[in-house]
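Contents: one structure, followed by commentary.
All of the numbers you see were taken from the coordinates with simple rules; none came from a lab. This structure is a prediction, so every number in the text was calculated from the model and none was measured. Here Cβ is always computed from backbone atoms with ideal geometry, including for glycine, and neighbour counts include all displayed protein chains.
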């Protein structure tokens, strides 16, 4: 066997530590699978004294020096965040190194530039671990489904919010209480904003949409609503109509208002989905992604979306792939943005709403409410009215309509005299 | 864009027809994704007059001539069966063509020789469509999980038997009745042997085990039981203990009787699995494969396991991959058999049994039965005894023990005076 392939590791936290351990433990297996031994050339960290488990001669604070070292072949980046990760990866690519990254924020913001740089340098840029942790998902989208036309990708891609919503459903707790529990158990970070407000899921949605539709999509293109406004009432209302509430990342082909079939919509928001939908039973910290393709039909991928070991598994899978490419002297498939589809605004995106209202229980109220939907061009799929004395509850599920028409309808309902309160508004996905 | 890549298609039945149609419909997309146009050079069929939908100038009965034509770059084989598929693929590989096949029987019998030939010729041999139809599964095993250690692969990989078992559970029908319904609806072939007796699943299990464990496994190495002996009683008993009956293909690492951790067991048989297991809700003609890996943890892949379009999606995904490799002048990763693990016999494989008995309801019977298990070194996990007058029902679920010990125990129970009848024996999988 010829010379080892030398790997530079950027970052040595939970994921980096697991990568380093697995690289050592599986050294012989990796060599057999790649055809060359893999050797760690160095580990860049901010504070070398915090890493007693790493051989001292490997540790360095000079990340830039490490990724441009002539003997380094491959760079693994598990620092996260935009800078210095971006500069380091561009430097590595510029120096002819293939790169494996787990950095969703960076890929969602600057994937096009990074891919362009990698393409120009003839090196690989792989990032399976950036979306849905251990679940093989990006490779299937980039490669297995490369001969098919994707219609939709719908995923539960954030374990923290999924845990919180699962607990709300199980216990009837409100968002605040469930978040406090998740924080205490370590499922939510001290500052949960990135998860709870949907930033993490939006970055992943951008990456998924870019690969699924061969169209550059950045995190800024993604419509985003988090789960902090989801109430115990929303969760209870969902159960009443045979649904459960999930935070979904949805990437789909949509026709524009002009009927042109050249658009995509990419969005992250909580939604009610039927309990019979394969995604409904994905609980706790698990992730799952449901894919609809023209020829393949419906597919689902399920597994652990986070954690040191699962994420390290995805990183090492990529490392084997780029190492094999290095050995065979080729680069793997890059990304393609050839389709250049239009990213539609949320206002133009067709969605369905569930709306629960407290109304006065007197003649004409349903007609007035129904008229408001019709006036906005929104067709009603189901209505349930429960009278209880002077007041009544109206539960309405609409057909698909442009999101702007639906939100305008709800805004008008809130102003109507006959409507005492709009008690729950949530989008509905996955209904036939 | 330079010259087209030329594809020879072998076979033009349901799958081949779908491949041909998608190649035409998606011609521009495929060109953008590959970087070269793909053109059909010819379609080899037995009876050209049966294919009015194919341009006459493409049709040929000379398959060997087609696959060795100098202008052909890639060969897609969707004939199925061992011969002439094997000779044709070897001829194609020998002539320097990369090959995409959907042929599970051939890959399960002769994968090692085909891979060796492809490796020697420096061409690709891809066969995603051979296992679980449209579900991206072989690429994730070969590539995404290449940095991990697989412990188990458990799949529902045959839609016909899954449909039959689903219907038995839903309607209480026996096997014969459910098979007749499946045949009438076109879910079962006129000769259902390959599906019902587990041959189809065993071929897929061999392919999965080979990739998962880097060890050559052929269909002949796979222990195989079909579903024709599954009775309505078995299905009812499963429901009583919170389980459902599925035909499973199971590939797993097992330690030998000597404790050496260098073995694999590969088997296909019906089994009870808990209704809470992710595989339990996979109904009808769907396939799903559950994977357990050291670092990644639990993963599941779900989708359509058969049908022209889904299978064609997998074929085209492979076609794009081998075409990209051709454009970049490289070959993708081959298979590796470096691990060379020992394939254990079924007798040595640890399994768990469910056993239901009709016994005389008198003192000492449970003790006698329990003694028989203990005498064979089998530990009992749960017992339920229901008396009804003179007779009683005993339902026993064991812990794991070598399959030989379990089957020997059951054989002895059948001979015991106190046991009036052994009413149901099925293995149990997926219990904690």
* With respect to the symmetry axis carrying chain A onto chain B, which residue of chain A exhibits the smallest Cβ distance to that axis, and what is the value in whole Å? -> A:330, 1
* With chain B treated as a Gaussian network of Cα nodes joined by springs under 10 Å, which of B:14, B:68, B:161 yields the largest mean-square fluctuation? -> B:14
* Asked: When the gyration tensor of the protein assembly as shown is built from Cα positions, what are the square roots of 5 times its three eigenvalues, in whole Å, from largest to smallest?
  -> 40, 39, 31
* Across peptide A:304-310, what mean number of C-beta atoms from other chains lies inside 10 Å of a residue's C-beta? -> 3
* To do: Return the single residue from A:122, A:35, A:297 with maximal mean-square fluctuation; model: Gaussian network over chain A, springs between Cα atoms under 10 Å.
  => A:297
* Specify the residue with the greatest mean-square fluctuation among B:285, B:375, B:169, computed from a Gaussian network of chain B linking alpha-carbon atoms under 10 Å apart. => B:375
* Cα convex hull of the stretch B:205-251, projected area averaged across orientations, nm² -> 4.1 nm²
* **A:168, A:346 arranged by Cβ crowding within 10 Å, fewest neighbours leading** => A:346, A:168
* What does the average come to when, for each residue of peptide A:279-291, you count the partner chain Cβ atoms lying within 10 Å of its Cβ? -> 1
* To do: For the stretch B:138-305, restrict the atom set to alpha-carbon positions and state the Rg and Dmax in Å.
  => 16.0, 50
* Using 7 Å Cα-to-Cβ label points, what is the residue B:345/residue B:184 separation (nm, one decimal)? -> 4.5 nm
* **Helix-only mean residue ellipticity at 222 nm for chain A, each DSSP H run of n ≥ 4 adding -39500 (n - 2.57), per residue, nearest 500** => -10500 deg cm²/dmol
* Quotient of C-alpha Rg and 2.2 N^0.38 Å, computed over the stretch A:72-120 -> 0.99
* To do: Report, as an integer, the average count of C-beta atoms from other chains found within 10 Å of each Cβ along A:331-339.
  => 4
* Nearest 5 is fine: what % of DSSP beta bridges in the protein assembly as shown come out antiparallel, could you say? => 70 percent
* Asked: Beyond 23 Å, what percent of the Cα pairs of the stretch B:27-142 remain?
  -> 33 percent
* Where q = 0.19, 0.21 Å⁻¹, what log10 of I(q)/I(0) comes from the Debye formula for the stretch A:124-213, counting one point per Cα? -> -0.88, -0.98
* Considering the zone a paramagnetic label at residue A:421 would reach in this model (a point 7 Å from Cα along the Cα-to-Cβ line), which residues of the stretch A:382-414 have amide N under 17 Å from it? -> A:386-396, A:413-414
* chain A - Debye-derived log10 I(q)/I(0), Cα point model, q = 0.07 Å⁻¹ -> -0.39
* Asked: Computed over the Cα atoms of the stretch B:349-428, what is the ratio Rg over Rh, Rh following Kirkwood?
  -> 0.94
* Fewest-first sequence of B:356, A:228 by Cβ atoms within 10 Å of each Cβ -> A:228, B:356
* Structure fact -> Label model pair residue A:400, residue B:25: point-to-point distance (7 angstrom along the Cα→beta-carbon line) in nm is 1.8 nm
* Asked: Using Cα atoms only, what is the angle between the long axis of helix A:175-184 and the major principal axis of chain A, expressed in degrees (0 to 90) to the nearest 10?
  -> 20 degrees
